[in-house]
Structure formats: structure tokens, C-alpha cells
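Since every read-out is calculated from the coordinates, none of them should be taken as a lab result. None of these values were measured; they are calculated from a predicted model. Cβ: placed from backbone, ideal geometry, glycine included. Neighbour counts: every protein chain shown.
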Amino acid sequence: MVAKVDFVKFVTVSLLLFSAANGYAQNELRNTFFKDADAAKAAADAANAELLAPKSYEQGLKEYQDAESALERGRNIEVVRSNAADATTNFRTAAQKARLAKTALAQVMKSRQAAANAKAPQLSAEIWQEAQRKFADAIRLLERGDLKNSKRRDIEATSLYRDAELVAIKAQYLSETRRLLADADRARVGRYAPITLGKAKQLLADAERELSENRYDTDLPRNLAQQANYEAKHAIYLSEVVRQVRDKKLSPEQLVLQWEQPMQAIAGVADAVPDMANGPDRLTQELVAFFEAQRNHLQSLEQEKAENEVRIADMEEELSALDERLGGATAERAALVQRLEAQARVKQQFEQIEKMFTSDEALP
């Protein structure tokens, strides 16, 4: 029984050693045969060859994977060596072609990145996909050496990417405005509030024109779009009020009284008498004067605060300088005290020594 157990242990240990040795051998073989292929693949990846030289890169990847499979399955070592060598050649070719494509297709790649940054794949998907197809054709033709047709596809793709970018930018800034104006048209707002709605549409047109002329200077178009949103919402509100008056759900007198209520509430806050016996003009002037005075007072307080902060900063600097001077004086005083104490100890030691001898003994 003991002999049987020992035999099992021997077999188990032998298998483990064989497996470890086999794994070590495979690693050594991989390091030997895949060294160049790994370096070539890394160079191809760095050159973005999968995108810019897809055919050569795909061939290299296939040979690379075949070499790995052959090694794992224990195939003839020459098969592994041959596949790895072919993979190296294809990856190097892919890297070289990718670097050429990066130069030849620099403009279209720049336009492609700008469109992607503007979220064109999501906001202008149809144009983006068409641009992608033209770009892929340009790469394929360039990889085959057909420079003339590759350049033609390059120009077409560049134009499409720029169109997709512009559509995406407009979608980001103008979509809400367009939706509001579409809602207003469906509600026939132009019939009841044509002036305000017309103003909103003009602001939208101005924003679109600004984006078309300079798509990267988005501050003004954004501001115009915000104004257009406001005017569109305002027009929708006004049209509803006009409808109520037209349908006699709200009389003109009731409408005026409703609009007076907010002014009366504001007058109460400003401690003004809400006198609108002759219209809102007088009360409006009083409220404007009140809020201008409040604004001036606030500006005065802010100026005073800023001046106080400057004075505090100056005082803090003076205190810091004074602390430094006092700190130096304190250190000098402490050093002087230490010297005096040392001299006093030396003097005391001499006095003690003198007491140990008579005057005759102290003489040489």
C-alpha cells in the first residue's frame, strides 16, 4: 500500500514537473519567435494602422494569431516561425502605410476629429456614416497605391465631415429653439402674437447665420439662441392671453388689473404707494429710482469692502514684519544672556580655584 502511494506521488510530481517544463519551454519559444512580431505589432498600433492600413494590419493579425495557435497546439516549430515572420512583415508594412496615410489624409482626419468632437455620430448620424464610407474608400485606395482616386474620396469625405460637424453644432445650440417655434406654429401663435414670434424667428435665423459663418465662435450664436427661446416662449404666452380676451374668457379690464398686481406687490417691497390712478408711469419711475438707489448703495458697500480688504492685508504685512523684528531682537537678547551666564560660570570657577590655594601657593 505504501509503495502504491509513493508511486502515485512520483507520477504526480513528474507530471507537474513536465507541465512546468513544457510551459517554460513554450514561453521561451514564444519570446524567441514573437519578439520581432510583438515589436512590429506595437509599432503598427502606435501608427493607428488598424484604421489607416486595415488590409495589411488584418493580414498581420491573422498570421500572428495563427502563429499563437500553432504554438499552443504544439505544431511544427517551422510553422510557428513562418507565421510569426509573416506577421512581422505585414505589421511593418501596415505601419509604413499608416504613416503615409496619416500625412496624405491629414486634412480629412482633422475634419473627422472635429466632427467627432461636435458629437456628429449622434447628432448628425446619416451624414457622418456617409463621410465614414468615403473615408474608408480613401484609405483603401491609398493602401492599394491609387493616389488619384484616394484624393477624390479624401475631398468628398472632408466636405461631408464638415457638414456633419456644422449640423451637430447647430443641433446642440438651436434644437430647443426650433422645437419651440414648431410648437408655436402648430398652435397658430403667429395669428395672435405675430410681432413677438417674428422676432424669435429672426433671432434663430441670425444664430444659424453666425454658426455657418464661424462655427467655432459659439458665444454669439448661443446668446442669440437663448434670446430666441425667450421670445418664442413669450409669444406662446401672449397668444394664450389674446385668445382668452378674444373668446371673452378675460375682459380687457381684467387683463389690465391682473398686470397691475405684480407692480403693486413690488411697490410694497419698495415702500412706495402703488398709485396707478393715471396709469403705471409714475409708479414705474418711483420703482426704477428705488432700485437704482439700492444698486448704487450696494456698489458703495462693495467698494468699501474691497478697500477694507486692502487695509487688512496691509496691516497683516506690518504685523508680520513687526513679528520678524521682535523675533530677531528676542534671539539677540537670548544669545547675550547666554554669554553673560557663561562668563559668570567661568568667573565662579576661578574664584573657587583661588580659594583652594594661599597667595604663596598660587605663585610660581
**Item:** FRET efficiency estimate (nearest 0.05) - Cβ-Cβ, ASN296 to LEU340, R0 56 angstrom
**Value:** 0.30
**Request:** Would you please give the FRET efficiency between ALA125 and GLU213, computed as 1/(1 + (r/R0)^6) with r the Cβ-Cβ distance and R0 = 25 Å, to the nearest 0.05?
**Result:** 0.50
**Prompt:** What net charge do the residues around ARG222 carry, taking every other residue with its C-beta under 13 Å from that of ARG222, with Lys and Arg at +1 and Asp and Glu at -1?
**Reply:** -4
**Asked** Once both labels are modelled 7 Å past Cα along the beta-carbon direction, what's the ASP36-GLU260 spacing in nm?
**Response** 9.7 nm
**Item:** Protection proxy ranking, peptides 231-239, 186-194, average beta carbon neighbours within 10 Å, highest first
**Value:** 231-239, 186-194
**Request:** Can you find, among LEU336, ALA272, LEU61, the residue farthest towards the positive end of the dipole of the chain? Put +1 on the C-beta of Lys and Arg, -1 on that of Asp and Glu.
**Result:** LEU61
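How much length is gained if the chain between GLU240 and ARG311 is pulled fully straight, taking 0.36 nm per residue apart and subtracting their Cα-Cα distance, in nm to one decimal?
Contour length minus the Cα-Cα distance gives 19.8 nm.
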**Item:** For the range 32-70 versus the range 129-203, the gap between their alpha-carbon centres in whole angstrom
**Value:** 38 Å
